[in-house]
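Shown next, in C-alpha cells, is the structure this report addresses.
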C-alpha cells in the first residue's frame, strides 16, 4: 500500500496555533463491517459499512467495560481502548458498475488542547472523556452544502467540521473544500473531521447522539456554549485514501467515480464516530502534562509524552481483527 507521510506535515500546517497536542496513529483497521454501536446498538446489519480502528472488542453492543477488556488496539497507545470509525470508501468502475474498496493509510487522530478552557489560554483546564462517553460528527444523510456562510450555529459548525483535500503532484493544483473533488489525487484524497469538544456534563449519550455535545464557538477554538460547559480535549480525524491507484480506469467524462458506503457520490455524508475506551487517569495526565514547550510534546510527538511511556504499543499492526 502507498504511504502518505507527507500529509502529516500538511495537516499540522492546516491546524496551526501554539496549543499543545499529540498525534495518535492507528494502523490497519480491525474490521470493515456493517456495525454501529452508537447509531444502531445491537443491530446487525447497520445502515452502511464502516472502517473501524482501535480496540479489538468492537461489537454492535460495545460498552466502556467491554472495550476496556480488549486485549489490544490498532492504535499506538495501549491505554487507549477506544474505537474510532467512519464510512468506507469505494471505487465504482464506470465500465463494469462494480464496487471495489479503496485502500487507505490508516487513521491519524489529533488530540488538541484547544479553546478558552485550556490552561494555556487562562482557563481551568480541559477534561478527559468520562467512561461510557460516545459522540459523532458530520451527518450521513447530507448530500449538499447547507450553509453558504459561517453563521456560528451548531448546525453550521457541524457542516464546517467536515472538509476534503485532493493532494496533487506535478504542478497540478490541489483542492481543499467541501464535497468530493473532480480530478485524480496523485498524493491521496484526504477527509478531515473535527469532533465536538463541549459536553453537557450529565449525559454520555443522547437520543440523537449529538445533543449531549456541542462544538466550540470557533470550531477548533473559542468558547463552549453555556448549555455544554465541560470542555474536553479536541479530536480531529484525518483519513487519506489511495484513489490514484484507480487513475487509469476512469476519465473526466465519467465523473468522480468514488462513493462512500452511505451511497453518497457527493462526499457530504462524511462523518465519524468515537466511543471512549481510555484509561481516564492516563488521558487526563496527558492533557495536563504533555504540553511542554521545552520538549517534543509541544510538537505532537506522542513518544515524548511521559503519560504514555510505558504504554506505547510497537505492535499495534498485530492486533487481531475481530470477526
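The values are calculated or read from the model by the stated rules, or taken from the named source; none is laboratory data. Bear in mind that the values here come from a model prediction, so they are computed numbers and not experimental data. Note that we place each Cβ from the backbone using ideal geometry, even for glycine, and neighbour counts take in every protein chain shown.
Find all pairs meeting these conditions: Cβ atoms under 7 angstrom apart; at least six residues apart or on different chains; first residue within region 227-254 and free of Cβ contacts under 8 Å to residues at least 60 places away in the same chain; second residue in a strand (DSSP E or B).
That search, which allows pairs on different chains as well, returns 227/214; 228/198; 228/199; 228/213; 228/214.
All but one of (1) buried (at least 17 other Cβ atoms within 10 Å of the Cβ); (2) on the phi < 0 side of the Ramachandran plot; (3) more than 13 Å from the chain's Cα centre (by Cα) hold for residue 115; which doesn't?
It is condition (2) that residue 115 fails.
Looking only at region 227-249, count how many residues are under 21 Å from the mean Cα position of the chain (by Cα), surrounded by fewer than 24 Cβ atoms within 10 Å (Cβ to Cβ) and not in a strand (DSSP E or B).
Adding up the residues that qualify gives 1.
Which of the residues spanning region 293-308 are assigned to a loop (DSSP other than H, G, I, E, B) and modelled with pLDDT of 70 or more? Spell out the reasoning first.
Let us first name the residues in region 293-308 that are assigned to a loop (DSSP other than H, G, I, E, B), namely 293-295, 300-301, 305.
Selection gives 295, 300, 301, 305.
Considering each residue of region 29-78, count those that are touching a helix residue (DSSP H, G or I) at 6+ places or on another chain (Cβ under 6 Å), assigned to a loop (DSSP other than H, G, I, E, B) and either at pLDDT below 95 or surrounded by fewer than 21 Cβ atoms within 10 Å (Cβ to Cβ) (or both), and give that number.
The qualifying residues number 2.
Taking residue 90 as meeting all but one of (1) touching a residue at least 12 places away in the same chain (Cβ under 8 Å); (2) assigned to a loop (DSSP other than H, G, I, E, B), write down the number of the exception.
Going through (1) touching a residue at least 12 places away in the same chain (Cβ under 8 Å); (2) assigned to a loop (DSSP other than H, G, I, E, B) one by one, residue 90 breaks only (2).
Only residues that are surrounded by fewer than 23 Cβ atoms within 10 Å (Cβ to Cβ) and in contact with a helix residue (DSSP H, G or I) (Cβ under 9 Å, 6 or more places away or on another chain): list them for region 259-275, please.
Passing the criteria: none in range.
Identify the residue in region 201-226 that is closer than 19 Å to residue 85 by Cα and either in contact with a strand residue (DSSP E or B) (Cβ under 7 Å, 6 or more places away or on another chain) or at pLDDT below 95 (or both) and, among all such residues, is surrounded by the fewest Cβ atoms within 10 Å (Cβ to Cβ).
Looking only at region 201-226, we keep the residues that are closer than 19 Å to residue 85 by Cα, and these are 204-206, 208-210, 213.
Narrowing the set further to residues that are either in contact with a strand residue (DSSP E or B) (Cβ under 7 Å, 6 or more places away or on another chain) or at pLDDT below 95 (or both) leaves 204-205, 209-210, 213.
Numbers: 204: 17, 205: 18, 209: 15, 210: 17, 213: 25.
If we take residues in region 201-226 being closer than 19 Å to residue 85 by Cα and either in contact with a strand residue (DSSP E or B) (Cβ under 7 Å, 6 or more places away or on another chain) or at pLDDT below 95 (or both), then 209 is surrounded by the fewest Cβ atoms within 10 Å (Cβ to Cβ).
Quick check on region 90-109: of everything there that is surrounded by 23 or more Cβ atoms within 10 Å (Cβ to Cβ) and at pLDDT 95 or above, which residue is farthest from residue 234 (Cα to Cα)?
If we take residues in region 90-109 being surrounded by 23 or more Cβ atoms within 10 Å (Cβ to Cβ) and at pLDDT 95 or above, then 107 is farthest from residue 234 (Cα to Cα).
Being buried (at least 16 other Cβ atoms within 10 Å of the Cβ), on the phi > 0 side of the Ramachandran plot and in contact (Cβ under 8 Å) with a residue 60 or more places away in the chain: is that true of residue 152 here? Before the answer, list the steps.
Numbers: buried (at least 16 other Cβ atoms within 10 Å of the Cβ): no; on the phi > 0 side of the Ramachandran plot: yes; in contact (Cβ under 8 Å) with a residue 60 or more places away in the chain: yes.
In short, no.
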